[in-house]
1. Seen from all sides and averaged, what is the projected area of the convex hull of the Cα atoms in region 139-178, in nm²?
2. Give the separation of the Cα centroids, region 6-53 to region 82-124, in Å.
3. What Kirkwood Rh does region 40-193 have if only Cα atoms enter the pairwise 1/r average? Answer in Å.
4. How far is it, in nm, from the label point at Ala43 to the one at Glu23 when both lie 7 Å from their Cα along the line to the Cβ?
5. Roughly what % antiparallel, to the nearest 5, for the DSSP beta bridges in the chain?
6. Might you report the magnitude of the Cβ-based charge dipole of the chain about its Cα centre, with Lys and Arg at +1 and Asp and Glu at -1, to the nearest 20 debye?
7. Using a basic spin-label model with each label point 7 Å from the Cα along Cα→Cβ, how many nm lie between Asp32 and Ala146?
8. Which value does Rg/Rh take for region 8-112 over its C-alpha atoms, Rh per Kirkwood?
Amino acid sequence: MKNIVILISGGGSNMAAIVKTAECERWQDKFDARVAAVISNKADAQGLVFARDHGISTEVLDHKGFASREAFDAALMAAIDRFEPALVVLAGFMRILTPGFVNHYEGRLLNIHPSLLPAFPGLHTHQRAIDAGCKFAGATVHQVTAELDHGPILAQAVVPVLPGDDEHTLAARVLTQEHLIYPRAVVQLLQKR
Ligand code: NHR
Ligand code: GAR
C-alpha cells in the first residue's frame, strides 16, 4: 500500500480535493494508494474535521511546543514515518522545513504554492501579484527542496487578474484551479512509483 501523508495548517481545501478525488477515482484499487494521515501544526485547522469525517487518521503537532525548528521537524518526521509514506504532500502547510526534513523525504515531498513560480516565492503572493500589475496569476505544484519554493515544477495553472481584484478575490480564483491540478499531480507521481 502506498500511503500518502498530507500536512495542513488551515482550511485544508486542497487536502479535501485530493481525498475526494482519491475516493471518486478509486485510487486504492487503481494505484494501491490511500491518504493515510493528515497532520496539522494547528489544533484548530478546519481541515482536520473533514479528514476525521472521511476516516483518515489525524494528528496535531503544534510547532510552538518545540524549542527549535530542528526539534519540531524531528517530531514531525517521527509522526509521518509511522505511516511509511510513499508521498508527503504539503497543502497549505505554513512552516518552513529544515534541510534535514527535506532531505529525508527527497523525491517524495510535494507542495502547492499560490503563484506562478519562479515569480513570488514566499508569502502574500496574491497582493504582490496585484501590486506588480500582473495580468495573470496562478498556482504551482513543485517538488520541495531546501531552498524555499524553488524545487522542480510538476504542474501549473493560470488565471487572469481582473480589474477590481483584491487579494481575496484573486486567491479564490487561484484556489479553484489548485483543486484541479494538485490531485492530478499526485496521480502522476503515484503512476511513476
Ligand atoms: N520548506 C522548504 N524547505 N522548502 C519549501 O519549498 C517549502 C517549505 C515549507 C513550506 C510552502 C510555502 C508556500 O507554498 C512550503 C515550501 C511557509 C512559509 C513561511 O514563511 C513560506 C513558504 C511556504 C510556507 N512560513 C513562516 C515560518 O516562519 C510562518 C508563517 C505563518 O505561520 O503564517 O515558517 O508558500
Ligand atoms: C492555498 O492557496 C495554498 O496554495 C496556499 O494556502 C492556501 C491553502 O488553502 N499555500 C501557501 O500559501 C503556503 N505558504 P487550503 O488550506 O484550503 O488548501
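1. 3.2 nm²
2. Computed from Cα coordinates, the inter-centre distance equals 16 Å.
3. About 16.7 Å for region 40-193.
4. 2.8 nm
5. Working: 11 of 30 bridges.
Counting only bridges with both partners in the chain, antiparallel ones make up about 35 percent.
6. Numbers: 18 positive and 20 negative charges, 77 e Å.
Once rounded to the nearest 20, the dipole reads 360 debye.
7. Here the answer is 3.4 nm between the modelled labels.
8. Working: Rg = 13.5 Å, Rh = 14.2 Å.
Rg/Rh for region 8-112 comes to 0.95.
None of the figures in this text is laboratory data; all of them are computed from the coordinates on show. What you see is a predicted model; the values in this text were computed from it and never measured. Cβ: placed from backbone, ideal geometry, glycine included. Neighbour counts: every protein chain shown.
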